[in-house]
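First the structure, in the form of structure tokens, and then the observations on it.
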């Protein structure tokens, strides 16, 4: 892990301030965006499941067959 510098609260009016390298910050931002996207996809999947729009299958091949049959 890359070094992280914490600025004491007494120098920042009672709040801690953390300094990280730019590439680490960009990696954290990208990770945060990926997590948000994954949570959005999961929420949509749960909604579809509750509404009966989900396909139940034991494998991907079976799911694709079921989905194709529903689309006709």
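Bear in mind these aren't lab numbers, they're just calculated from the coordinates by the rules spelled out. Bear in mind that the values here come from a model prediction, so they are computed numbers and not experimental data. For neighbour counting, all protein chains shown are included, and Cβ atoms are generated from backbone atoms with ideal geometry for every residue, glycine included.
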proj_area_mean for the chain (convex hull on C-alpha atoms), units nm², value 9.1
Summing -39500 (n - 2.57) over every DSSP H run of at least 4 residues in the chain and dividing by its residue count gives a helix-only mean residue ellipticity at 222 nm, to the nearest 500 deg cm²/dmol, of -19500 deg cm²/dmol
Placing each pseudo-label 7 Å from Cα in the direction of the beta carbon, residue 38 and residue 65 end up separated by a distance in nanometres of 3.2
To the nearest 10 degrees, the tilt of helix 60-71 (Cα long axis) against the first principal axis of the alpha carbons of the chain is 60
